[in-house]
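Working notes, structure below.
Rule-based calculations on the coordinates, nothing more; no lab input. Being a predicted model, the structure only gives us computed values, none of them experimental. Because the Cβ atoms are built from the backbone with ideal geometry, glycine has one as well, and the counts that use them run over all protein chains shown.
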Amino acid sequence: MFLPKSASGLLKGALAVAFLGAGSLTAQAETTINAVMNAPLRALDPAISTAYILRNYGYMIYDTLLARDEAGKVQPQMASWTVSDDGKTYTFTLRDGLKWHDGTPVTAADCVASIARWDQVDKTGQVMASLMETMQAVDEKTFTLTFKEPTGIALLALSKPSGIPPFMMQKKVAETPVSTPITSTIGSGPFKFDASAYQPGVKAVFLKNEDYVPRSEPSSGMAGGKVVKVDKVVWTTMPDPMTAMNAMMSGEIDFIEQAPHDLLPLVEGNPDFKLQTFAKQGSQNLVRLNWTQPPFDNLKYREAALEALGQQSMLSAQVGNGKDASTTCAAVFGCSGPYATDYKADDIIKPHPEKSKELLKEAGYDGSPIMLMQATDLASLAPQGPVIAQQLRDGGFKVDVVAMDWASVVARRSSKAPVAEGGWNIFSTTNVLPDVGDPVGFIGTAAGGDSAWFGWPNVPKIEELRAAFARASDTETQVKIAKEIDQLAIDNVVMIPMGEFANINVVSSKLSGMPEAEAPVFWNVTKSE
Amino acid sequence: MSSDTPAPEPQSQTLSLPEMEGGGASGLRAVLGGILSSWSARISAAVLLIIVLMSVFAPLVTSHDPIQLDPAIRLQPPSAAHLLGTDSYGRDMFARIVYGSRISLLVGAGTVIVALLFGMIIGVLTGYFRWVDAVLMRVMDGLMAIPGVLLAIALVAISGGTLVTVLVAIAVPEIPRVARMVRGVIMGVRNEPYVEAASVLGTGMWPMVWRHMLPNTVAPLIVQGTYIFAAAIMTESILSFLGAGIPPEIPSWGNMMADGRLYFLLKPELIFFPGVMVSLTVLSVNMLGDVLRDRLDPRMAKRL
Amino acid sequence: MLSFIIKRILSAIPVLFMVAILVFLVLRLAPGDPAVMIAGPNATPDQLQQLRESMGLTRPLLEQLIIWLTNMAHGDMGTSLISGKPATELIMDRFGPTLALSLSTVVLAIVVAIPLGVVAAWQRGKVLDRLVMGLSVLGFSVPVFIIGYVLILVFARILGWFPVQGYQPLSNGFVPFAQRLVLPSVALSFPYIALIARIVRTNVIEVMNEDYIRTARAKGLKESAVLMGHALGNAAVPIITIIGVSIAMLIGGVVVTESVFNIPGLGRLVLESVLARDYTVIQAVILLFSAIYVVINLVVDLLYGVFDPRIRY
């Protein structure tokens, strides 16, 4: 052959197209996206945990009935819907061509079973279930949800993009009790799971689902056509972010879901890489106080903590100084969402050690230490503990920082016992903005005492308002209710918002087209040579 | 097969036991005096002395608080205000290095004390009583077979990182080796004529152990102790590096390296400064250990 | 001879049994709840309790121990609490990289350390000896992750000779396999080289003072022949011993090295399992490592007969 290598490749490609059609181009040059996600994939049940890696996994192999587009508007995905005139009955009709990865068709019965499993575990799902009268399959492709009163919750819930999204599974799988993790990897989504290549905690491989029929609309957010433009997506675990950045720079990987902000200078200005930030994938820091144990069973102490804490220090420690990657704001439901408020902004955003000391004095603080749990093994959480401890100390508290890995925080925070018996006083974490901006589902503001999230705040009025929000069908009422919840949450110190920071993807310049969505998804993404 | 004779000890573990004459302690002072005649020993001793002084007089050496953080001045290069710059929380690196020496020395010394104490008790018991030997040495064999770092990681990560857990986790895997050595010495001298004579004269167990047996263990224990000291400082840095070490709030060199891990390509000094300190300390202790070993017991040179 | 071998093999069984009990107790008595890990942050107490029951965590400790030991005796190492896969399968998945890394490290260490040690012994007290000995102490004293990072910085990032990280199985071709093993093996071998070189040196020096070596010298044998043929051969026993005993040290280094170079081996499996409280997997891997240690030292004992003509059973 006298042709240079690349030209001969082109020729082969052209011949292949000519003889076999475009489909076999991929066989000639297989494209693979190598990605490092935020956490290793170890379990395979997306309904059992709000771990974001499971949500991301779900979006690869499963599909959803509805989806939100870039603007946040609910759109049909697997199914379209109609609402009865009384606003109580929603009828969903599955579109044509939907098939499970084993080749069997998706039926209405599958969807009903999937919703029934999901609405036990998800906070929004639970609210929907409580308002629902019946759910039944009408025929192979149609099913209905009937509610006790007119509500918009069905669309909100079934298009829920994060936390635990309602993924559709086969009926036999969906009938597994929620206490038993499923092991099936059969979905109907745009990628198929390569079970033979799966190494828990190390590697997960997703192959293009050749039989997937995408919608005809263009991709937008989670909605629109999920057209897969690569052959394979490989998720590799790299526990050391430095290693991941090195691998990125050597071209061994194409995508890092969460790059530590301090490492970004390594790739900034390099044309081979781009930094990609989706507003919807940002996170909110939050500090949680334990209402069931002294001293934070007393409002005065909670107020003192709120005054002592400020947002900028924590954000700086997480994402660096002077970067536009972080925002301070007082809003409980997100700085830029529809429910943002400035209520008590100064108290929340800036540290006020003197006010804190005053409040402690009024409360008669005896100097007994409060116990702060610090998670040390997650990059975004590790800096929170030291900063909180410092500010509380400046504010007159005596603080014991107990460092542990996230697994131990998760275990210990469920204890309502006194500190000496394995309990706790304070911990902090982050939530992604789509979860934060959902007043019904957001765990940070639920305040039903024992039924609330860890810390167990008990403010009955908030629970009433959350229920009212779920029933409200117009946006104006919802905004009004959300702001009331915000005020109550701050006044009672149900949670302390600690500012928001962006999640930055480092992406190879070869990749383009990733949808601006609530989670990193790999349909619509192309990889050039 | 005769079942009444115990299986022979694994050769690897009884190899070249030191056989010291009685009264090892009396010659010790002379030996220690002679040690400083070597240059490497002098330098090592000087380095260690500086580190010890630094840890004792830390508040005089630096006016900064090693824990006080200020993210507004994070990751600054060395300056007059911050001699070695600041870390990712805006803490003073120099102050953390200085106070970090306290932790390293504490971990080293604590591990040595725990390991030697328990090793000696177990060694004496097993060397003296056959029936204890059968039981305890099986436990020691089991413990010795578990890779120390893995055991320590599991212990610390699961029961929570406090200074005490880390100390115990580092010390426990060292105990079997000390116990074996002490046991070997005791068994070795048990049949020596002067011990047998004392036994015939009716000397009780504890005076016997105290007067005739333990002195023989002093020299090898000192040598072993220095190596355990060095290994403990190293293991602490490894555990902290893996995120299973001393609470991050405590300024230890290992924690500093764990914090600096992320910035290796951007600011290698964050990992480099504490890395040098660990290496320097471990190096000095090892050097001293080598000299001690050569002086105290040339035959032990075989062991390590 | 045969009865010694059998006795020696039998004596390894109670050790393994003891390891099993120690590991189980250490892990179970520590706080932490795998059910919470699986159930995720928003699980309700009821869901947690259900999960704990289905995982067998609510049974009495002794019962769990007995069940576990019985299963182990049948070769069943349990099922991962997190991924639901059998622990044996997870271990098999991760065994290759660790084996490759350990073997290449040991081979590299022996190949480098023996000549170093012999040279140092030969040049005893001279500059070369002091240099080798000084470097060997340094090899002990620099944490392995520091060495690893420096190697990455120099040879992978600046010079670009090797990939930064990762592992390729041998089945994907020898070159990618070897390329990715070089840096981690070099990093991991530092303390090992230091250790072996020192042992070689002291033993060769010692043997060289023995009468038969003096005789050999007196007979006019070349210095190199004396060193390689006689002295080294007779120093083989302590050298083999130290290789066996320091397997424990190697394993500790493997955990760190796998983490720095992102090698999906057993060391990382342990670290991941510890963070996730995946008890069955932690137990299985630690037990496996301990078994390897016991077996290697067993082999070492049995090898004495081969290498030391003075030892007869």
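A few points about this structure:
- Taking the Cα centre of the protein assembly as shown as origin and assigning +1 to Lys and Arg Cβ atoms and -1 to Asp and Glu Cβ atoms, the resulting dipole is close to 3420 debye.
- Unmatched cysteines, the protein assembly as shown - criterion: no other Cβ of a Cys under 4.7 angstrom: A:Cys111
- Peptide A:288-300 has a mean of 0 when you count, residue by residue, the C-beta atoms of other protein chains within 10 Å of its C-beta.
- P(r), alpha carbons of segment A:62-184 - 5 Å bins starting at zero, rounded %: 2, 11, 22, 25, 22, 12, 4, 1, 0
- Peptide B:260-271 is shielded by partner chain Cβ atoms: per residue, an average of 5 of them sit within 10 Å of its Cβ.
- Kyte-Doolittle mean at least 1.0 and Cα axial length at least 20 Å: DSSP H helices in chain A: A:5-20
- Sum of -39500 (n - 2.57) over DSSP H runs of 4+, divided by residues of chain C (222 nm, nearest 500): -24000 deg cm²/dmol
- Estimated FRET transfer efficiency (A:Glu362, A:Ala116; beta-carbon r; R0 60 Å; 0.05): 0.70
- Restricting segment B:223-304 to GluC sites (Glu not before Pro) in coil, as DSSP defines it, with at most 10 other Cβ within 10 Å: none
- Cα gyration tensor, chain A - rounded (a/c under 1.5), prolate or oblate: oblate
- Whether the protein assembly as shown is rounded, prolate or oblate, judged on the alpha carbon gyration tensor where a/c under 1.5 counts as rounded: prolate
- Each of A:Thr327, A:Tyr343, A:Leu306 was placed along the dipole of segment A:282-502 (beta-carbon charges, centred on the mean Cα), and the one lying farthest toward the positive end is A:Leu306.
- Within segment A:185-275, the GluC sites (Glu not before Pro) that combine a DSSP coil assignment with at most 13 other C-beta atoms in a 10 angstrom radius are A:Glu210, A:Glu268.
- Rounded to the nearest 10 degrees, the inclination of helix C:45-54 to the longest alpha-carbon principal axis of chain C is 60 degrees.
- Loop-resident trypsin sites (Lys or Arg not before Pro) (DSSP state other than H, G, I, E or B) in segment B:162-263 with no more than 12 further Cβ atoms inside 10 Å of their Cβ are absent.
- Dividing the mean sequence gap of close Cα pairs (under 8 Å, 6+ apart) by how many residues chain A holds gives a relative contact order of 19 percent.
- Percent RCO, i.e. relative contact order, over segment A:127-212, from Cα pairs under 8 Å lying at least 6 residues apart: 15 percent
- Stretch in chain A that is longest and holds no trypsin sites (Lys or Arg not before Pro) that DSSP places in a loop and that have at most 13 other beta carbons within 10 Å: A:149-397
- The angle separating the long axis of helix C:2-29 from the principal Cα axis of greatest extent in chain C is about 40 degrees.
- Rounded tilt (10° steps) of C:236-245 against the dominant C-alpha axis of chain C: 20 degrees
- With the cut-off at under 15 Å, measuring from each backbone N in segment A:51-74 to a point 7 Å along the Cα-to-Cβ line of A:Ser216 picks out no residue.
- Residue mean of other protein chain beta carbons inside 10 Å, B:60-70: 2
- Mean separation of Cα contacts under 8 Å, 6 or more apart, over the residue count of segment C:94-307: relative contact order %: 28 percent
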